[in-house]
Amino acid sequence: MSNQHATLDWNTGQPYSTQFEDIYFSTDSGLEETRYVFLNQNHLAERWKTINEASFTIAEAGFGTGLNFLCAWQLWNETAPDKARLHFVSTERYPLSPADLASALRLWPELAALSQQLLAAYSHMVNGWHRLVFEDGRVTLTLLIGDANDTLPQLKARVDAWFLDGFAPAKNPDMWQPALFASMATLSHSETTFATFTSAGMVKRGLEAAGFAVTKVAGFGRKREMLCGVYQGTSQNICISIPDTKLANSNAKTAIVIGAGIAGCASSYALAQRGWQVTLIERHDAISQEASGNPSGVIYPRLTGSDAALGRLALSGYLHILRLLKQLGLEKTAFSACGVLQLAFNSRELTRLQAITQQGLPVDLLEHVTATQASAIAGIELSHEGLYFPEAGWINPPLLCSSLASHRNIAIKTSTEALKLERKGDSWQVWDKHGLIAEAPTIILASANDTMQFQQSAHCELEPVRGQITFLPETAESRQLKTVICTEGYISPASNGVHTLGATFSPNDLSLEVRAADHQTNLQMLKKLAPGIYREAASEGLGGRVALRCTTPDYLPMAGPLLDSVAIKANPPRYNADPATLPWLDGLYINTGHGSKGLINAPLCAEILASAICGEPSPVDSKLLAALDSNRFMLKKMGLKRLVMGLAAFPYCKMR
């Protein structure tokens with residue numbers, strides 16, 4: 001499906017869809033319609049005043065102008081406890097452009113404070129999943145851009161209330177299908193309610209067939225009737241119960257994260273934002289001392305030009321880190337959105353970049369540029385066409401890690417080497433050579449290659465890859481460089497008179513010695529990248545830094561819960577086994593294997609884990625969850641490749 005915005009007619013002063021030939025909301029009062037149809041008929045005010053859960057999830061078919069979301073957000077702030085979190089998941093096939101959304105939201109001045117926050121986060125609404133976080137995580141919006149009957153079956157969540165607000169069934173019959181109602185049933189429980197403006201017979205029959213008790217009540221304004229009700233079928237959600245999502249216990253949520261690189265700091269931050277007390281353990285005397293300790297890294301996605309997991313993860317991770325950086329508000333010395341040029345340096349790369357261009361992604365996200373245009377953007381002469389990412393740039397990874405780890409709910413233990421994990425009762429214990437160092441019900445392993453030293457995660461098949469960067473003094477030519485340039489490697493604009501250039505890629509090479517030969521490898525890459533800078537570059541006396549990346553055989557990271565490898569090998573399951581019956585190491589998760597893409601992928605994987613641990617909607621689809629499964633290599637070796645897909649549903653949608 002191509003990326004396409006909604007096309008609107010504003011002749012009446014209100015948005016009218018020319019694609020569906022229908023209005024977005026009542027011409028009498030869209031605001032009052034939303035409150036009557038969706039808030040009142042789902043009894044949200046009453047439910048939220050007495051809520052005893054840590055979170056509440058609304059799922060919506062038809063995001064449209066965002067009016068329903070804003071009204072729900074407003075009511076949440078008025079009625080829900082301060083420590084509760086609202087998750088609003090909404091599907092939209094044709095998202096409004098930012099300009100059209102801004103025009104629509106100006107119709108409701110009383111929502112202006114919330115509207116401005118939405119507009120500030122609403123960008124690059126390409127096909128896929130987008131997580132927007134507001135009020136330090138108290139309110140989260142997850143937008144599923146695409147056909148509802150494609151996206152909802154891939155959603156992992158426990159839905160408490162449904163807003164069915166697509167265009168009228170007569171105008172948009174493709175949405176109001178049995179598949180929609182079946183997805184609703186899969187994601188619902190015995191207290192799940194729904195409401196919709198329509199009273200169409202096919203909608204009523206479809207909901208009843210899926211297990212919903214349906215009631216007709218008076219409609220809003222000129223609509224005579226509408227439908228609402230509650231789910232009474234048997235829950236098909238294969239989720240498990242977790243005891244720590246009650247508000248009364250929220251202060252007791254504790255976790256341990258092992259490894260204080262980008263994956264560990266992001267994982268700690270994601271849990272800390274949810275009110276968890278996190279102990280971050282690092283074997284060095286400071287955080288971000290290994291691969292995350294490089295003084296400069298590049299924020300940009302390496303897209304694939306196809307629907308492959310690597311490409312979808314790259315785009316999702318890129319959009320996620322851009323939004324996260326806005327929340328963190330880093331200084332310019334830590335992050336420079338100077339743009340990134342990805343050059344087509346050979347025919348194979350040109351073919352890939354052309355395929356990406358043909359996907360129809362918006363030009364404010366990426367733009368195909370000629371060699372002449374690339375030269376003007378970079379400030380130096382370039383000989384290749386390529387892609388330009390205007391919001392990408394370079395970042396200082398240690399400063400990013402420091403910003404993430406400075407959260408008030410994170411306690412850092414440095415100079416502490418975790419050597420052994422033991423399960424005791426409902427908790428995990430972490431031991432070093434001297435004894436017990438920490439204990440908590442939940443652990444996230446983010447210790448890169450050292451993750452395989454633990455017996456519980458030894459099956460994860462992680463591989464070290466040596467990488468060396470070169471510190472290149474600026475010259476008169478290189479001083480003109482205004483943006484990051486990438487091919488097989490990269491060069492960043494000078495910072496404090498020095499460019500960062502790299503990096504080499506040496507699998508299973510564990511040496512941490514800076515090598516002159518590797519500097520020459522980086523310089524040869526520079527020769528293809530920017531010949532003018534290469535001609536003036538020094539070739540002797542160069543500085544550098546070496547670190548070991550952590551990769552996997554398929555170059556996808558690992559993010560998820562761990563199985564007991566000893567137990568599952570002793571008693572292999574069938575390929576279609578119920579995931580709930582497998583021997584899970586309850587409370588033990590992993591976030592590692594990011595290779596050279598940790599800056600892009602690790603924060604999104606941290607959000608995936610935090611959502612799983614807290615029983616919240618997943619920020620990515622189930623197919624991507626399966627691709628990132630931490631047990632995939634072990635299961636595939638056991639001939640259980642098909643079981644990996646089933647694991648995507650567990651335990652990311654844990655029920656309360």
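The values are calculated or read from the model by the stated rules, or taken from the named source; none is laboratory data. A quick note: this is a predicted structure, and the numbers were derived from the prediction, not measured. Backbone-built Cβ (ideal geometry, glycine too); neighbour counts: all protein chains shown. Surface areas here come from the heavy atoms of the whole protein model, side chains and all, with no ligands, DNA or RNA. Shrake-Rupley method; radii C 1.70, N 1.55, O 1.52, S 1.80 Å.
Quick look at the values:
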quantity: For residue 442, distant residues with modelled amide H under 5 Å away; calculated: 256, 428
quantity: Scaled radius of gyration (Cα, divided by 2.2 N^0.38 Å) that region 110-153 gives; calculated: 1.30
quantity: Region 493-572 - accessible surface per residue (Å², probe 1.4 Å); calculated: 47 Å²
quantity: Cα coordinate range in region 522-656, projected on the principal axes (Å, largest first); calculated: 63, 31, 22
quantity: Residue 539 paired with residue 461, simple spin-label distance in nm, labels 7 Å along Cα-to-beta-carbon; calculated: 4.2 nm
quantity: Computed helical MRE - 222 nm, the chain, DSSP H runs ≥ 4 contributing -39500 (n - 2.57), nearest 500; calculated: -8000 deg cm²/dmol
quantity: Amide hydrogen neighbours beyond the local backbone of residue 551, cut-off 5 Å, H modeled; calculated: 463, 465, 595
quantity: Kirkwood Rh and Cα Rg combined as Rg over Rh, evaluated for region 68-158; calculated: 0.96
quantity: 13 Å beta-carbon shell around residue 505, net charge (K/R +1, D/E -1); calculated: -1
quantity: Anisotropy class of region 271-320 from Cα gyration tensor, a/c 1.5 cut; calculated: oblate
quantity: Length gained when the stretch residue 554-residue 308 is fully extended (0.36 nm per residue, less Cα-Cα span); calculated: 87.4 nm
quantity: Accessible-area composition of the chain, carbon plus sulfur, in percent [1.4 Å probe]; calculated: 50 percent
quantity: Projected label distance in nm at residue 116 and residue 434, using a 7 Å step from Cα toward the beta-carbon; calculated: 5.1 nm
quantity: Eligible lysines near residue 623 by straight Cα distance, threshold 19 Å, same-chain separation 8 or greater; calculated: 156, 636, 641, 654
quantity: Per-q log10 I(q)/I(0), region 3-74, q = 0.14, 0.15, 0.23, 0.28 Å⁻¹ (Debye; single scatterer per alpha-carbon; no solvent); calculated: -0.54, -0.61, -1.10, -1.40
quantity: Principal semi-axes in Å for region 448-547 [√(5λ), Cα gyration tensor, largest first]; calculated: 31, 13, 11
quantity: Note, ³J(HN,Hα) from phi for region 416-427, Karplus 6.51, -1.76, 1.60, rounded to Hz, x at Gly and Pro; calculated: 10, 9, 6, 10, 8, 10, 9, 8, 9, x, 9, 10
quantity: Under the Debye formula (equal points on every Cα, no solvent term), log10 I(q)/I(0) of region 393-464 at q = 0.12, 0.16, 0.18 Å⁻¹; calculated: -0.44, -0.74, -0.90
quantity: Accessible area per residue in Å² at 1.4 Å probe, computed on region 290-423; calculated: 43 Å²
quantity: Rounded to the nearest 10 Å², the accessible area of residue 388 at probe 1.4 Å; calculated: 40 Å²
quantity: Added length on full extension, which subtracts the Cα-Cα distance from 0.36 nm per residue, residue 45 to residue 327; calculated: 98.6 nm
quantity: Karplus (6.51, -1.76, 1.60) ³J(HN,Hα), θ = phi - 60°, over region 166-180, in Hz, Gly and Pro reported as x; calculated: x, 4, 3, x, 5, 8, 9, x, 5, 7, 7, 10, x, 4, 5
quantity: Label point at residue 638 placed 7 Å out along Cα→Cβ; residues across region 436-461 whose backbone nitrogen lies under 14 Å; calculated: 457-460
quantity: Set of aspartates and glutamates with alpha-carbon distance to residue 482 below 20 Å, sequence-local pairs under 8 removed; calculated: 331, 364, 367, 381, 385, 391, 474, 536
quantity: Relative contact order of the chain, pairs being alpha-carbon contacts under 8 Å that are 6 or more residues apart, as %; calculated: 14 percent
quantity: Ranked order, 459, 284 - accessible area, probe 1.4 Å, largest first; calculated: 284, 459
quantity: Long-range amide H partners of residue 563 with built H, under 5 Å; calculated: 585
quantity: When region 1-153 is reduced to its Cα atoms, the Kirkwood hydrodynamic radius in Å; calculated: 16.0 Å
quantity: Residues of region 43-79 with amide N under 19 Å of a point placed 7 Å along Cα→Cβ from residue 179; calculated: 60-63
quantity: Lysines whose Cα lies under 24 Å from that of residue 413, excluding same-chain neighbours fewer than 8 positions away; calculated: 253, 424, 433
quantity: Mean Cβ neighbour count within 10 Å, used as a protection proxy, ranking 535-547, 484-496 highest first; calculated: 484-496, 535-547
quantity: Whole-Hz couplings from phi, Karplus 6.51/-1.76/1.60, listed for region 307-313; x for Gly and Pro; calculated: 8, 5, 4, 4, x, 5, 5
quantity: Cα centre as origin, Lys/Arg/Asp/Glu Cβ charges: the chain dipole, Debye; calculated: 940 debye
quantity: Rg/Rg_globular for the chain, with Rg_globular taken as 2.2 N^0.38 Å and Rg from C-alpha atoms; calculated: 0.99
quantity: Distance cut-off 16 Å, percentage of C-alpha pairs in region 557-611 lying past it; calculated: 52 percent
quantity: For residue 175, solvent-accessible area (1.4 Å; no DNA, RNA or ligand), Å²; calculated: 20 Å²
quantity: Gain on full stretching of the segment that runs from residue 354 to residue 52 - 0.36 nm per residue minus C-alpha separation; calculated: 103.5 nm
